[in-house]
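Notes follow the structure.
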Amino acid sequence: MRRPIIAGNWKMYKTLKEGQDLVTILKRDLYDIEAVDIVVCPPFTLLTYIADMLEASTIGLSAQDLFWEDEGAYTGEISGKMLKDAGCSYCLIGHSERRQFFGETDETVSKKVFAALKNGLTPIVCIGENLLDREKSLTFERIKSQLDKGLQGLTKLDAEKIILAYEPVWAIGTGKVATPEQAQEVHHYIRSWLTQHYGDDTASSIRIQYGGSVKPENIAGLMAQGDIDGALVGGASLKADVFSCLVRNTLKG
Ligand code: 13P
């Protein structure tokens, strides 16, 4: 049985004070949740501070991106080694906004996955089709190509350490959530791809989150689907009461 995992991707929101206020309330409101892994993904500047706050808590810490080298003359970049040092346990990789605005490709995703694993971080690898792909019925083709290239060369042992996040680009920040059936169809496809490459046991152990306009109102319906193991949440993770409610509703699915 896969343990549900809900991650809040704060994107480029929250000053230090705002982030600390949010985490203070989450710690208080979610202290009794045992059946769900909860993760927050603050911007880089907040990580060390939030790590301190989460020390005695079950809430995990993720970065939103990393560079694949451990150190070097790469102005503006942050390495997996630094993120581990800052207290992170997870790292988002290949989020569609990074692909869209910052030239992230499946090839860079692959390098980053290895860098995260090497530094003991759990990669949360984001994949998903855009609106044009979906309209042209190219969803599965896009997903297959992202998996083929992004997870290229990953051993079975390493594959067991990753988390995947399916985020249809057309559903991110648009209020257009994929229906639970639409999401399940792609999650099932992803799991079949994993089975083909890593066998049944590994495929059934890997968690696949759904992301794209997830709210307290729709999380249970998504979680009721067989291959949906949690959510990567944007907008609804920025308010403590909304995110707490979403986490609680996860258990109703
Ligand atoms: P929204 O939940 O705001 O649609 O964002 C989804 C997302 O991109 C999470 O990584």
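The values are calculated or read from the model by the stated rules, or taken from the named source; none is laboratory data. The structure presented is a predicted model; accordingly, all values stated were derived computationally and were not measured. Note: ideal-geometry Cβ built from the backbone for every residue, glycine included; neighbour counts use all protein chains shown. Only protein heavy atoms, including side chains, enter the accessible area calculation; ligands, DNA and RNA are left aside. Shrake-Rupley method; radii C 1.70, N 1.55, O 1.52, S 1.80 Å.
Pop out the carbon and sulfur fraction of the accessible area of the chain as a percent, whole number, probe 1.4 Å.
53 percent
Counting only helical runs of four or more DSSP H residues, what would the 222 nm mean residue ellipticity of the chain come to if each run contributes -39,500 (n - 2.57) and the total is spread over all its residues?
The per-residue figure over the chain is -12500 deg cm²/dmol.
On a full-extension model of 0.36 nm per residue, what is the gain between residue 70 and residue 1, subtracting their alpha-carbon distance, rounded to one decimal in nm?
Answer, rounded to one decimal: 21.4 nm.
Before anything else, pin down the relative contact order of the range 85-213: Cα pairs under 8 Å, at least 6 apart, normalised by residue count, whole percent.
25 percent
Subtract the Cα-Cα distance of residue 17 and residue 101 from 0.36 nm times their separation in residues, and report this length gain in nm to one decimal.
Taking residue 17 through residue 101 to full extension adds about 27.5 nm, to one decimal.
How big is the equivalent ellipsoid of the range 164-247 along its three axes, where each semi-axis is √(5λ) from the Cα gyration tensor, reported in whole Å from largest to smallest?
24, 13, 10
I want to make sure I understand the PRE zone here: with the label point 7 angstrom from the Cα of residue 24 toward its beta carbon, which residues in the range 47-73 have backbone N atoms less than 19 Å away?
Answer for the range 47-73: 47-59.
With each pseudo-label sitting 7 Å past Cα toward Cβ, what's the residue 111-residue 196 distance in nm, one decimal?
Rounded to a tenth, the inter-label distance reads 2.7 nm.
Quick check: residue separation of residue 31 and residue 160 times 0.36 nm, minus the Cα distance between them. What number comes out in nm?
43.7 nm
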